[in-house]
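Computed from the coordinates by the stated procedures, all read-outs in this text should not be read as laboratory data. As the structure is a computational prediction, the values presented were derived from the model and not from experiment. Don't worry about glycine lacking a Cβ; one is built from the backbone with ideal geometry, like all the others, and counts go over all protein chains shown.
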Amino acid sequence: MDEEKESDTLARFSGIDIPVGKVLSLERRGWRRGSPQDAGIQCWIWRSLPDGRAITAGLNPGIAVGYVNELGEVQRFEEIYISQSSDGGWYSPHAAIPVLDARRRLRVRDPARPHRDGGAVTNPTPPPTPTVTAAEKRMQRPSAEVRYADELARLRASDDAARPPGWALSLRAARRFIIGDESAGITRKFVGDPSLIDRALVSLATSRGLMLVGEPGTAKSLLSELLAAAVSGDSTLTIQGGAATTEDQIKYSWNYALLVAEGPSTRSLVAAPLLRGMAEGRVVRFEEITRCPLEVQDCLLSPLSDRVLTVPELTGEDALVFAREGSTSSRRPTPATAASTR
């Protein structure tokens, strides 16, 4: 109790399992569900405070919009804290308020407090959670390999199936990471047709590019992030397409101070995501590719078909960058292209 007075979180409520129905009933007491994230999952509930802040309670595995029981009958309260954001933004910076006031607004029974009949509340010990740094804890949306670091580590440790060259996981383990496996404690992250995941993984395993096509809000970005995390262990190698995207933002550019002083060389070359992905054998994500000008899209033809990127300013072996095992690309077109593609 005394420690909570100096804290900005209610640690005693973290890890409590609550039936989905009771979580939803909090909406009758002024609570609201957070904004839907990728795949339409609502990952927190919140209640506004008079000073413009909000009490926020993280939900695991979260509530799927329109299918409240799709991810399970029970939700676990993760960290409960005071958010500076008026809409209870997930992992927003904390700010302390009187803990007693927060407990009253939450109206969840203290697990250490006995029932009126004298019996103590029993709550199963929650499973260990992965270690997260303070900086990661305050991210609004950490990358997939950070959020699910513990699951990825356990899958790698128990993965005895053959892995495609350059992959961090086997096809079977990558599928379990995305679809979920309750027996192994792997949460379901994508709500959709499992055969879509199978086709996507097979395409990537055969060193082909993958284009995800669909309407807005159908979790294309989330799926590409999860695929990259499963295949390469890193989903951050991303190109954001748009009308102003240029070829040097995709392939490479130059450090002009070194370029003037030494001329074209590997020292003055600044690798962009595509060149890095090919050289390091990693998945490159290309968001909104069809928003890019056609001449910019054309620069992908040789890397995708021949698996080689040419740097004409250099000579000898440095002029050609060949894709290493594990290198491939996941692309997400705009809705307009999705409609014309089908």
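Other residues whose C-beta falls under 10 angstrom from the C-beta of Ala272 contribute a net charge of 0, scoring Lys and Arg +1 and Asp and Glu -1.
In this simple spin-label approximation, Arg172 and Glu325 carry label points 7 Å from Cα along the Cα→Cβ vector, and these lie 2.0 nm apart.
Across region 139-149, rounded Karplus estimates of 3J(HN,Hα) from the backbone phi angles (6.51 cos²θ - 1.76 cosθ + 1.60, θ = phi - 60°) give 5, 5, 8, x, 5, 4, 5, 7, 5, 10, 4 Hz, Gly and Pro being marked x.
Normalised by the number of residues in region 186-260, the mean separation of alpha-carbon contacts (under 8 Å, six or more apart) gives a relative contact order of 17 percent.
Put simply, the amide H of Arg76, placed in the peptide plane, has neighbours under 5 Å in Ile18, Asn60, Gly62, leaving out anything fewer than 5 places away on its chain.
Contact order, relative form, for region 144-232: 30 percent (alpha carbon pairs under 8 Å, 6 or more residues apart, mean separation divided by residue count). Length available on full extension from Ser35 to Asp51: 0.36 nm per residue minus the Cα-Cα distance, which gives 3.7 nm. Computed from phi, the 3J(HN,Hα) profile of region 181-192 under the Karplus parametrisation 6.51, -1.76, 1.60 (θ = phi - 60°) reads 8, 4, 5, 9, x, 9, 6, 7, 10, 10, 9, x Hz, with x in place of Gly and Pro.
Counting Lys +1, Arg +1, Asp -1, Glu -1, what net charge surrounds Leu169 among other residues with beta carbon under 10 Å of its beta carbon? Summing Lys and Arg as +1 and Asp and Glu as -1 gives +4.
A simple spin-label model places the labels of Asp150 and Glu262 4.6 nm from each other, with each point 7 Å out along Cα-to-Cβ. Less than 5 angstrom separates the built amide H of Tyr252 from those of Ala272, all sequence-distant by 5 or more or on a different chain. Can you work out the FRET efficiency for the pair Val68 and Arg141, with r the C-beta to C-beta distance and R0 = 30 Å, to the nearest 0.05? The pair Val68/Arg141 has a calculated efficiency of 0.85.
The H on the amide N of Ser143, modeled in the peptide plane, is under 5 Å from the matching H of no residue at least 5 residues off or on a different chain. Charged side chains reduced to their Cβ positions (Lys and Arg at +1, Asp and Glu at -1) give region 238-335 a dipole of some 400 debye around its Cα centre. Our coupling estimate for region 260-270, obtained by passing each phi through the Karplus curve with A = 6.51, B = -1.76, C = 1.60 and θ = phi - 60°, is 6, 6, 10, x, x, 7, 5, 6, 8, 7, 10 Hz, Gly and Pro reported as x.
So how far apart, in nm, are the two label points at Ala162 and Ala184 if each is 7 Å from Cα heading toward Cβ? Placing both labels 7 Å beyond Cα along the Cβ direction yields 1.9 nm.
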